[in-house]
Amino acid sequence: AGIAFAESVAMRGRNAELKAAIQQSGNAPVHALYVAQTGSRLSCLSRDADTSDGLLTSCCLLDELHRWKTGSGLYALLRYGGRTRKQPIMWEITTAGSSSGGTSLCWEERTYMTKVLDQHVEDDEVMPFIFCMADSDDYKDEKNWVKSNPSMGPKDDGFLFDLETIRKEYQEAEGKPN
């Protein structure tokens, strides 16, 4: 969360229009970005859920969800803190990482979203995007790698990772025991 917030602060600092429209609270460190006319505020929250009771959210971004613990009080505050808003939005971002097998909040969310995608559960308030290979895909086939790496492509075209980067990581992983 801190990285995403710092990037938001930097983005405001680089753009004259954003600087004119969005105020900042604090300086080194910046505590929040806000628009006084609308009462809008962007800030980074602590993982300490006890200090966030009564939180009202219109939009929240949960990054690295695979690191969140099952039963996280902060997750519940963020998830249900938007109930009074007209169109609340929550983005959950993860690489799934080490969370497979039902050991994390991330895996619980993935299981639910898979049920929505497979139409076993109807929920028109969520829009899951899960980027992964099918069980039948050969993970050694480079043509399949983009399925689980949507940011892979030519760097000149604005992608984060090119094929060569993923290929090197694959070769390293294949050479390790686990």
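Exactly one residue out of 70, 95, 57 is within 19 Å of residue 5 (Cβ to Cβ) and modelled with pLDDT under 85: that is 57.
Pairs are defined by a Cβ separation below 6 Å, a sequence spacing of at least 6 or placement on different chains, a first member in region 119-137 that is within 17 Å of residue 107 (Cα to Cα), and a second member that is polar (S, T, N, Q) and surrounded by 10 or more Cβ atoms within 10 Å (Cβ to Cβ); the pairs so defined are 131/148; 132/148; 133/144; 133/148.
Could you list, in sequence order, the residues of region 134-145 that are open to solvent by 60 Å² or more (accessible area, probe 1.4 Å) and out of contact with any Phe, Trp or Tyr (no Cβ under 9 Å at 6 or more places or on another chain)? 135, 136, 138, 143, listed by residue number.
Selection within region 104-118: residues that are closer than 20 Å to residue 80 by Cα, of a type in the set (A, V, I, L, M) and without any contact (Cβ under 8 Å) to a residue 40 or more places away in the chain. The member of this set that is surrounded by the most Cβ atoms within 10 Å (Cβ to Cβ) is 113. Looking only at residues in region 1-27 that are over 16 Å from residue 64 (Cβ atoms) and small (Gly, Ala, Ser), the one that is modelled with the lowest pLDDT is 26. Selection of region 134-161 for residues being farther than 28 Å from residue 114 by Cα and touching a helix residue (DSSP H, G or I) at 6+ places or on another chain (Cβ under 9 Å) yields 154, 155.
Kindly provide the set of residues from region 105-123 that are part of a loop (DSSP other than H, G, I, E, B) and among the acidic types (Asp, Glu), ordered by number. I'd like the intermediate steps shown before the answer.
Applying the first criterion (part of a loop (DSSP other than H, G, I, E, B)) to region 105-123 yields 118-123.
118, 122, 123 - these are the residues of region 105-123 that are part of a loop (DSSP other than H, G, I, E, B) and among the acidic types (Asp, Glu).
Just one of the numbered conditions (1) in a loop (DSSP other than H, G, I, E, B); (2) hydrophobic (A, V, I, L, M, F, W, C); (3) open to solvent by 60 Å² or more (accessible area, probe 1.4 Å); (4) at pLDDT 80 or above is not true of residue 45; which one? The failed condition is (4). Residue count for region 151-178 under the criterion of being open to solvent by less than 60 Å² (accessible area, probe 1.4 Å) and part of a loop (DSSP other than H, G, I, E, B): the result is 3.
The values are calculated or read from the model by the stated rules, or taken from the named source; none is laboratory data. The shown structure was predicted, so the numbers you read here are calculated from the model rather than taken from an experiment. Cβ sites come from the backbone with ideal geometry, for glycine too, and all protein chains shown count toward neighbours. The area values use the complete protein model at the heavy-atom level, side chains included, leaving out ligands, DNA and RNA. Shrake-Rupley method; radii C 1.70, N 1.55, O 1.52, S 1.80 Å.
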